[in-house]
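Have a look at the structure below before the remarks.
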Amino acid sequence: MNTHYTYFLILLLSVAGPLALSFDKKVAFYKKWKYLFIPMLIPALFYIIWDIYFVSENVWHFNEAYITGIKLINLPVEEVLFFFVVPYCCLFIYECIRCYFPNLKNKQSGNTVLQGLGLILLITGIIFYKKYYTGWTFVFTALFIAAIYIFRNFFRSFDATSFLVSYVIILIPFLIVNGFLTSIPVVIYNNNENLNVRILTIPFEDVFYGMLLVLMNITLYERNNKLNR
């Protein structure tokens, strides 16, 4: 097999299941496709710019043996696709949770946990501000959590409990995919820019890098969904 398609094949296998199951009669996620474009585009643009900068600063880089070589500036096209494929899969899981467990929503404990997590991330990010991956990821995630509650009217349709439960479930496939990317390795991290704490081969920061990506997509998706109901 041509190893240059490794990253692309990982993405393809990741999205195949959620895409096929989008036609499940109860969830019927395919009916929500028209609400996905803008909510997915804004976080993707943010992450693409962030990623381009981090590659330029050698926070991480990509193994040329496992990518096609097609790039947007210094970013493999597969990494660009990552910011659409992963959110699609995560939004599908989120919709399944919302559909099968409707009583999860509107629990104050969810807000308390999310706000507390935001505070911890902010403090930790400031302490480790010299480590780019740690500092930027923790602070960005904390600031976005704060924005959800500061601009509560705009994010009125967001439910913290549904998000947190969904993200715990999302973490399983997310870590599996990242496990392949970091163990092959497709992505190679500069350990001077992170805490060098690993979940097997996965940097600990990836948990919150992924959380922010999913959180941005879910809040904007819920906002767009509400406006079009």
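The values are calculated or read from the model by the stated rules, or taken from the named source; none is laboratory data. Keep in mind it's a predicted model, so treat the numbers as computed, not measured. Cβ sites come from the backbone with ideal geometry, for glycine too, and all protein chains shown count toward neighbours. These accessible areas exclude ligands, DNA and RNA; they are computed on the full protein's heavy atoms, side chains included. Shrake-Rupley method; radii C 1.70, N 1.55, O 1.52, S 1.80 Å.
Once you have the Cα-Cα distance between residue 196 and residue 155, take 0.36 nm times their residue separation minus that, and quote the gain in nm to one decimal. Mind dumping the intermediate values first?
Working: separation 41, 0.36 × 41 = 14.76 nm, distance 3.45 nm.
Between residue 196 and residue 155, full extension yields an extra 11.3 nm.
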Checklist entry - How big is the accessible area of residue 223 in square angstrom, nearest 10, if you roll a 1.4 angstrom probe over the protein chains? => result 70 Å²
Checklist entry - Between rounded, prolate and oblate, where does the chain land on the alpha carbon gyration tensor, with a ≥ b ≥ c its root eigenvalues, rounded for a/c under 1.5, else prolate if a/b exceeds b/c? => result oblate
Checklist entry - If the cut-off is a Cα-Cα distance under 24 Å, which lysines reach residue 31, setting aside same-chain residues fewer than 8 apart in sequence? => result 105, 226
Checklist outcome for this item: From most to least accessible, 1.4 Å probe, no ligand or DNA/RNA atoms counted, 166, 14 line up as 14, 166
Checklist entry - Using the beta-carbon distance between residue 188 and residue 113 and R0 = 41 Å, what value does 1/(1 + (r/R0)^6) give for FRET efficiency, to the nearest 0.05? => result 0.80
Checklist entry - So between residue 120 and residue 5, what do we pick up on full extension, going 0.36 nm a residue minus the alpha carbon distance? => result 37.5 nm
Item to check | Proximal lysines to residue 130, defined as alpha-carbon separation beneath 24 angstrom and excluding residues fewer than eight positions away on the same chain | outcome: none
Next on the checklist: Could you work out the relative contact order of segment 179-229? I mean the mean sequence separation of Cα pairs under 8 Å and 6+ apart, divided by the number of residues, in percent.
Outcome noted: 24 percent
Item to check | Relative contact order for the chain, counting Cα pairs under 8 Å that sit 6 or more residues apart, in percent | outcome: 27 percent
Checklist entry - Of 158, 8, which has the most accessible area with a 1.4 Å probe, and how do the rest follow in descending order? => result 8, 158
Checklist entry - In deg cm²/dmol, rounded to 500, what helix-only [θ] at 222 nm does the chain give when every DSSP H run of at least 4 residues adds -39500 (n - 2.57) and the total is split over its residues? => result -22000 deg cm²/dmol
Checklist entry - DSSP H helices in the chain with Cα extent of 30 Å or more along the helix axis and mean Kyte-Doolittle hydropathy at least -0.5? => result 77-100, 160-183, 206-227
Checklist entry - Hey, what's segment 90-163 come to in accessible area per residue, 1.4 Å probe, Å²? => result 52 Å²
Checklist entry - Is segment 1-103 rounded, prolate or oblate when judged by the Cα gyration tensor, a ≥ b ≥ c being the square roots of its eigenvalues, rounded requiring a/c under 1.5 and prolate requiring a/b larger than b/c? => result prolate
Checklist entry - Per the 1.4 Å probe, what fraction of the accessible area of the chain, in percent, lies on carbon and sulfur atoms? => result 69 percent
Item to check | Listed residues 205, 95, 57 arranged by accessible area, highest first, probe 1.4 Å | outcome: 57, 95, 205
